[in-house]
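Since the structure comes first, as structure tokens, the remarks are kept for the end.
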Amino acid sequence: MTEGVRPIEKRAPGSRRTEQPAQSRRHHSRSTRAHREVYPATVPAVGRSGELRLRLSFVIIRSDLGRRAARGLGFTTEHGIDMGVRRIVTGHDARRKAVVISDADATNVVRPSHRPGVAIHNIWVIDGAPAPVEGPEETTDRTIGLLPPTRGSVFRVIEFPPEQDWIGSVDRDAAKAAWESIGAGHVGDTAAPPHPLMHRTDTVDYALCLEGEIVLVLDDSEVLVRAGDTVVQRGTNHAWSNRSDAVCKMMFVLVDGTR
């Protein structure tokens with residue numbers, strides 16, 4: 001078997017594998033514009049009997065300092081911190097000089113049903129190929145589902161929170177409703193899959209793990225993906241399973257394909 005890939009272990013129904021906590025590996029620069037939001041948060045503290053997590057509420061400043069502090073101190077909401085994804089878009093001015101036409105957090109954020117804390121930040125959509133390099137200056141001011149347009153692509157960042165507290169409640173109907181909430185009710189695997197959110201799409205997906213770690217579940221195997229790892233997902237049946245105690249942030253580009 002390929003190095004790093006392990007076969008799926010047979011486990012009793014409802015049991016879960018325990019993964020080691022993900023370590024914070026990098027920080028990302030952000031816009032310095034401050035934006036105040038209140039998040040219910042947990043603060044990790046070490047006691048004689050191990051780690052004690054105290055539930056508190058904090059005002060977090062959405063800025064370079066605030067975001068670094070939140071990650072550095074280990075603050076998490078019940079299902080993870082949705083801190084926004086900065087999007088910089090370039091273009092040309094009237095003199096044909098290259099300029100920045102937009103610099104702000106992505107505003108098209110989708111939260112699927114039955115997946116608490118999952119946040120899909122849609123960054124850009126291309127409606128066909130070849131892509132017009134001087135096309136519209138905004139492509140996400142519309143409803144965007146899971147799949148890219150015909151002959152097009154979609155660029156997004158997804159935050160996957162730890163799933164151990166809720167994945168056991170996702171039955172076949174809940175999984176179908178989750179996919180339907182993002183316009184893809186037909187993609188789910190209903191034949192006793194190894195993970196309730198297994199699905200297959202007619203796309204080639206480029207993926208990069210930005211923060212944390214996540215398990216890529218396939219039909220008969222699974223592999224742990226860590227920050228800095230890449231995946232080329234070629235229309236296979238799969239699921240993303242966060243078994244750690246920290247949010248995993250993944251970048252995806254989905255390209256429309258055919259079989």
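The values are calculated or read from the model by the stated rules, or taken from the named source; none is laboratory data. These numbers come from a predicted model, not from an experiment. Cβ sites come from the backbone with ideal geometry, for glycine too, and all protein chains shown count toward neighbours.
Name, by its number, the condition in (1) assigned to a strand (DSSP E or B); (2) touching a helix residue (DSSP H, G or I) at 6+ places or on another chain (Cβ under 8 Å) that does not hold for residue 146.
(1)
Within segment 83-95, does at least one residue satisfy the condition of being free of Cβ contacts under 8 Å to residues at least 60 places away in the same chain and touching a helix residue (DSSP H, G or I) at 6+ places or on another chain (Cβ under 8 Å)?
Yes, segment 83-95 contains a residue that is free of Cβ contacts under 8 Å to residues at least 60 places away in the same chain and touching a helix residue (DSSP H, G or I) at 6+ places or on another chain (Cβ under 8 Å).
Give segment 126-156 a look and list any residue that's touching a residue at least 40 places away in the same chain (Cβ under 8 Å) and crowded, with 20+ Cβ neighbours inside 10 Å, or say none.
146, 148, 153, 154, 155, 156
Among the residues of segment 149-167, is there at least one that is in a helix (DSSP H, G or I) and either more than 17 Å from the chain's Cα centre (by Cα) or of a type in the set (Gly, Ala, Ser) (or both)?
Checking segment 149-167: not a single residue is in a helix (DSSP H, G or I) and either more than 17 Å from the chain's Cα centre (by Cα) or of a type in the set (Gly, Ala, Ser) (or both).
Across segment 191-215, what is the total count of residues that are in contact with a helix residue (DSSP H, G or I) (Cβ under 6 Å, 6 or more places away or on another chain) and within 22 Å of residue 257 (Cβ to Cβ)?
So the answer is 1.
Report the residue count in segment 108-143 for those that are under 15 Å from the mean Cα position of the chain (by Cα), of a type in the set (S, T, N, Q) and not in a strand (DSSP E or B).
1
Residue check, residue 191 against (1) surrounded by 20 or more Cβ atoms within 10 Å (Cβ to Cβ); (2) at pLDDT below 95, all met but one. Which one?
Here residue 191 clears every test but (1).
Could you list, in sequence order, the residues of segment 243-259 that are in a strand (DSSP E or B) and touching a Lys or Arg at 6+ places or on another chain (Cβ under 7 Å)?
Correct list: 252, 256.
Take the conditions crowded, with 19+ Cβ neighbours inside 10 Å and either of a type in the set (A, V, I, L, M) or not in a loop (DSSP other than H, G, I, E, B) (or both) and apply them to residue 215. Does it pass?
yes
Among the residues of segment 106-119, write down those that are at negative phi and buried (at least 21 other Cβ atoms within 10 Å of the Cβ).
Hits for segment 106-119 are 115, 118, 119.
Among the candidates 179, 240, which residue alone is surrounded by 18 or more Cβ atoms within 10 Å (Cβ to Cβ) and part of a strand (DSSP E or B)?
On inspection, the qualifying residue turns out to be 240.
Being surrounded by fewer than 21 Cβ atoms within 10 Å (Cβ to Cβ), within 25 Å of residue 190 (Cβ to Cβ) and in contact (Cβ under 8 Å) with a residue 60 or more places away in the chain is the filter here, so list the residues in segment 218-237 that pass it.
220, 221, 223, listed by residue number.
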